[in-house]
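Have a look at the structure below before the remarks.
All of the numbers you see were taken from the coordinates with simple rules; none came from a lab. What you see is a predicted model, and the numbers here were worked out from it, not measured in a lab. Here the Cβ is made from the backbone with ideal geometry for all residues, glycine too, and neighbour counts use every protein chain on show.
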């Protein structure tokens with residue numbers, strides 16, 4: 001484990017959640033963080049354990065925090081959408097990639113490690129990524145995706161009170177566009193909710 005000053009409760013959860021399946025069970029046991037007070041939260045694992053609830057960003061960050069203590073690379077994928085973005089923790093097992101995720105929508109929870117590529121994993125979410133506000137299942141809202149190695153951050157993203165600096169980063173990086181899903185796909189930057197090709 002990394003040299004981090006964990007609390008006894010945090011250590012208990014980290015030691016208990018020593019497989020992706022157990023981390024998914026932990027996230028499933030938490031209430032979904034709907035940010036009822038209309039205040040956006042960007043909680044680390046410490047905040048999630050303290051408040052016992054998480055939204056998808058907090059769930060992905062918590063999964064990355066726990067699994068990094070068991071030797072997994074802290075990788076997350078952010079899926080950009082026209083309604084609500086989604087974040088997942090991704091991991092490799094026996095040459096296949098899977099995910100751990102928290103969502104208000106059960107179809108967007110984690111996936112077993114059965115996919116050959118990150119793209120295949122992302123596309124397993126694509127047909128289920130419908131408009132949350134209208135509940136129109138024919139209105140697919142996923143527009144792009146990007147993978148982030150959390151090791152690039154020098155700031156503490158495991159126990160800090162607020163990790164909004166990672167959310168800020170997610171708004172500044174290029175995303176692989178979906179659709180179209182062909183050789184003409186290109187990268188774009190997100191700026192104030194708008195897609196800007198580069």
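Data table
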read-out	value
Alpha carbon centroid spacing (whole Å) that separates the range 56-113 from the range 1-43	13
Percentage relative contact order, the chain, counting C-alpha pairs under 8 Å, at least six apart	19
Dimensions in Å of the range 8-197 - Rg and Dmax from alpha carbons	15.9, 51
Two-site label geometry, residue 154 and residue 51: point separation in nm, points 7 Å out along Cα→Cβ	2.8
Rg/Rh for the range 74-121, where both radii come from Cα atoms and Rh is the Kirkwood radius	0.97
Residue among 55, 70, 86 with the largest mean-square fluctuation in a Gaussian network model of the chain, springs linking Cα atoms under 10 Å	70
Segment residue 134-residue 161, extension gain: residue separation times 0.36 nm, minus the distance between their alpha carbons	6.4 nm
